[in-house]
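Participant: The following block contains the structure, expressed as structure tokens.
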Amino acid sequence: MKDHIITEIKTAMQTVISAEQMSILSNVLIRTLHDVDVTAANNDSQTRVRANSQLQTLFISAKRVEGCS
């Protein structure tokens with residue numbers, strides 16, 4: 001995943017910076033991201049809708065137990 005991010009950044013920058021600067025950028029990115037864990041975000045809207053529905057059900061159940069509803 002980190003390699004993919006580094007490649008994307010380098011690809012975007014290759015028309016803007018020189019080969020020497022690209023080498024420096026590559027080294028900086030590798031050093032900076034060395035101890036970083038990168039994971040893809042889960043943007044599944046269906047999962048969020050389901051989770052929200054479950055939270056809503058739990059909330060209403062809790063309010064019934066408390067006598068608020």
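The values are calculated or read from the model by the stated rules, or taken from the named source; none is laboratory data. None of these values were measured; they are calculated from a predicted model. Cβ coordinates were reconstructed from backbone atoms using ideal geometry, including for glycine residues, and neighbour counts include every protein chain displayed. Accessible surface areas use protein heavy atoms only, side chains included; no ligands, DNA or RNA. Shrake-Rupley method; radii C 1.70, N 1.55, O 1.52, S 1.80 Å.
Participant: Among Ala40, Ala51, Ala62, which is the only one that is part of a loop (DSSP other than H, G, I, E, B) and small (Gly, Ala, Ser)?
Facilitator: Ala40
Participant: Which of the residues that make up the range 16-68 are touching a residue at least 12 places away in the same chain (Cβ under 8 Å) and either surrounded by fewer than 10 Cβ atoms within 10 Å (Cβ to Cβ) or polar (S, T, N, Q) (or both)? Walk me through it before giving the result.
Facilitator: Narrowing the range 16-68 to residues touching a residue at least 12 places away in the same chain (Cβ under 8 Å): 22, 25-26, 29-30, 33, 36, 38-40.
Those that are touching a residue at least 12 places away in the same chain (Cβ under 8 Å) and either surrounded by fewer than 10 Cβ atoms within 10 Å (Cβ to Cβ) or polar (S, T, N, Q) (or both): Ser26, Val36, Thr39, Ala40.
Participant: Okay, next question. Only residues that are among the charged types (D, E, K, R) and assigned to a helix (DSSP H, G or I): list them for the range 1-37, please.
Facilitator: Scanning the range 1-37 gives Lys2, Asp3, Glu8, Lys10, Glu20, Arg31.
Participant: Another question, if that's okay. Are there any pairs with C-beta distances below 8 angstrom linking a residue in the range 1-15 that is open to solvent by less than 70 Å² (accessible area, probe 1.4 Å) to a residue that is in a loop (DSSP other than H, G, I, E, B), with the two at least 6 apart or on different chains, and if so which?
Facilitator: Hits for this filter: Lys2/Val36; Lys2/Val38; Ile5/Val38.
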